Amino acid sequence: MTDFTLNAQARTDLGKGASRRLRHAANIPAVVYGGNKPAESVTILAKEIAKLFENEAAYSHVIELNVDGAKQNVIVKAMQRHPSKQFIMHADFVRVVAGQKLTAIVPVHFVGEEAPVKKGGEISHVLNEIEVTCLPKDLPEFIEVDLSALEIGAIVHLSDIKAPKGVEFVALAHGDDKAVANVHAPRVAPEAEEGAAE
């Protein structure tokens, strides 16, 4: 079992200039909020946060955040990355309260893609992550979507996916049955079309 922990220090030096100085010193500004407590500004070592989020599961896992020795359970709410260099520039965490439902973004893992491809289909992943709501203890690491039975022209919607026990898809709860993936016939290459025209 991977240990999802992060160490942080409280920060009082706020604002854009302060955030810039932090990043120059290889630290990442972050905010922790929720759980009926005031929002808390913290700073985390850039290399420590980068190492944790090398593991995809950290995005959909309860993380133990240790702020100056005081531990609290949090999940990632938002992550701001540098547009070209992709390093983390800012993070938002939400406190997790046992027995209180949380909303989180969970990655989608597609399986069984070989079968539709063997039938000549091409697969498009429409959603690579799904927003879920559940109790902290039921938070899944990922949602598995099996594409092995799909024929060409088929679309997988959220309603076609069996949610793990205790987990609800936020979009579905709001009546939005999003497409998750589809199988379509290969697009004909332009050269082949030109050859046929001649």
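The values are calculated or read from the model by the stated rules, or taken from the named source; none is laboratory data. Since the structure is predicted, the reported quantities are computational estimates derived from the model, not experimental observations. Cβ sites come from the backbone with ideal geometry, for glycine too, and all protein chains shown count toward neighbours. Protein only, heavy atoms only, side chains kept; ligands, DNA and RNA dropped before computing areas. Shrake-Rupley method; radii C 1.70, N 1.55, O 1.52, S 1.80 Å.
A few notes on this one:
- Dimensions (Å) - region 103-184, Cα atoms, principal axes, largest first: 41, 24, 17
- Unit charges on C-beta of K, R, D, E only; dipole of region 5-96, Debye: 320 debye
- Shape class of region 5-96 from the alpha-carbon gyration tensor: oblate, with a/c at 1.5 or above and b/c at least as large as a/b.
- Accessible surface, the chain, averaged per residue in Å² (probe 1.4 Å): 59 Å²
- Furthest towards positive pole of dipole, A8, I63, N36, structure part region 5-96, Cβ charges: A8
- Using just its DSSP H runs of length 4 or more, each adding -39500 (n - 2.57), the chain gives a mean residue ellipticity at 222 nm of -4000 deg cm²/dmol after division by all residues.
- The portion of the accessible surface of region 103-184 made up by carbon and sulfur, rounded to a whole percent, is 51 (1.4 Å probe; DNA, RNA and ligands excluded).
- Rounded to the nearest 10 Å², the accessible area of D138 at probe 1.4 Å: 40 Å²
- Charged-residue dipole, Cβ positions (Lys, Arg, Asp, Glu), the chain about Cα centre, Debye nearest 20: 1360 debye
- Amide proton proximity set for R11, modelled H, under 5 Å, gap of 5+: S41, V42, T43
- Ordered by solvent-accessible area of protein heavy atoms (1.4 Å probe), largest first, the residues E131, E54, E144, E113 come out as E54, E144, E131, E113.
- Note that region 75-91 has calculated 3J(HN,Hα) couplings of 10, 6, 9, 8, 9, 9, 10, 5, x, 9, 8, 6, 6, 6, 10, 7, 9 Hz, one per residue in order, obtained from phi through the Karplus relation 6.51 cos²θ - 1.76 cosθ + 1.60 (θ = phi - 60°); glycine and proline are x.
- Computed accessible area, S84, all protein chains, 1.4 angstrom probe, square angstrom: 90 Å²
- Residues with amide H under 5 Å from that of R81, placed H, sequence gap 5 or more: M89
- At R0 = 35 Å, FRET efficiency that the Cβ-Cβ distance of H184 and E129 yields, to 0.05: 0.95
- Convex hull volume per residue for the chain, taking Cα atoms only, in Å³: 179 Å³
- J(HN,Hα) series, region 38-53, from Karplus relation 6.51 cos²θ - 1.76 cosθ + 1.60, nearest Hz, glycine and proline x: x, 5, 10, 8, 9, 10, 10, 4, 4, 5, 6, 5, 5, 5, 4, 8
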